[in-house]
Amino acid sequence: MKKYLAECIGTCTLVVLGCGTAMLVGCDAAAGGGYILTALAFGLSIVAMAYSIGNISGCHINPAVSLGVLLSGGMSMKDFWSYVIAQCIGAFIGSGILALIFSLGGVTDMTGGFGTNGLAGVGGSAFAGLLVEIVLTFIFVICILGVTSSKAGHGSFGGLVIGLTLTGVHILGIGLTGTSVNPARSFGPALVAAISGNAAPLASLWVFIVGPLVGAALAAVVYKALEQ
């Protein structure tokens, strides 16, 4: 139970810091500084959680990462589903915290939807959005599988490498889809946005669930083939 609670806390932290930063600074292409700040917020969240809950749950805080670990033989099916549920609950709680902060404090949500993902950057094309999410998640998950492999020998630097990789994929992906690479991170804000009266993000939510899961599955298959 402790590892499931750790996953819930970790995903909540990721959403509060990452989506919260996006809400505060916005992600307008005309002001690229918002891209960097948001990318760093997500990446640094991973670094912080990797060194705090990594020894408890492995710090997946992402259903796509858990799927990659599952397909690589690193966890049981029971743990996989328990992790996914805990991660989604954590994302929802994190989004709820942001809703309270921004509403009670009268702060403007520059993203217009709790940092939800969208397809505006790819012209509304679901196919293009899927492709972006598959590619970015593939890069992120194959990095995680490599860094955490017993053959890697990266030791205490693993969390930093993973956090920097997440920062990198966000720098490219924010202007395209807002960068999900994490179904829970997309689910929580979309649900809270819908509860708050903005149901629009739910229409494309499936892209940010299917894309990362496909990308993670491909990463697991490719990494396993390369490692043999």
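List of remarks:
- The single condition from (1) free of Cβ contacts under 8 Å to residues at least 40 places away in the same chain; (2) in contact with an Asp or Glu (Cβ under 6 Å, 6 or more places away or on another chain) that Tyr83 fails is (1).
- Against the criterion of being under 20 Å from Ala91 (Cβ atoms), over 13 Å from the mean Cα position of the chain (by Cα) and either assigned to a helix (DSSP H, G or I) or of a type in the set (Lys, Arg) (or both), Gly129 qualifies.
- Exclusive hit being crowded, with 23+ Cβ neighbours inside 10 Å and more than 21 Å from Ala99 (Cα to Cα), set Leu67, Leu5, Leu14, Leu71: Leu67
- Residue that is surrounded by the fewest Cβ atoms within 10 Å (Cβ to Cβ), among those in segment 196-212 that are closer than 23 Å to Ile139 by Cβ and out of contact with any Leu (no Cβ under 6 Å at 6 or more places or on another chain): Trp206
- In summary, Leu131 fulfils each of the numbered conditions (1) closer than 22 Å to Val16 by Cα; (2) surrounded by fewer than 21 Cβ atoms within 10 Å (Cβ to Cβ) with the single exception of condition (1).
- Test result for Ala193, more than 29 Å from Gly54 (Cβ to Cβ) and surrounded by fewer than 19 Cβ atoms within 10 Å (Cβ to Cβ): no
- Remark: Gly34 falls outside the filter, which requires a residue to be over 16 Å from the mean Cα position of the chain (by Cα) and part of a loop (DSSP other than H, G, I, E, B).
- Only one entry in Ser66, Ser82 is modelled with pLDDT of 95 or more and more than 16 Å from the chain's Cα centre (by Cα), namely Ser82.
- From the list Gly215, Gly158, Gly188, the lone residue that is more than 24 Å from Gly34 (Cα to Cα), at pLDDT 95 or above and surrounded by 15 or more Cβ atoms within 10 Å (Cβ to Cβ) is Gly215.
The values are calculated or read from the model by the stated rules, or taken from the named source; none is laboratory data. Since the model is a prediction, treat every value here as computed from it, not as a measurement. Every residue, glycine among them, receives a Cβ derived from its backbone with ideal geometry; neighbour counts consider all protein chains shown.
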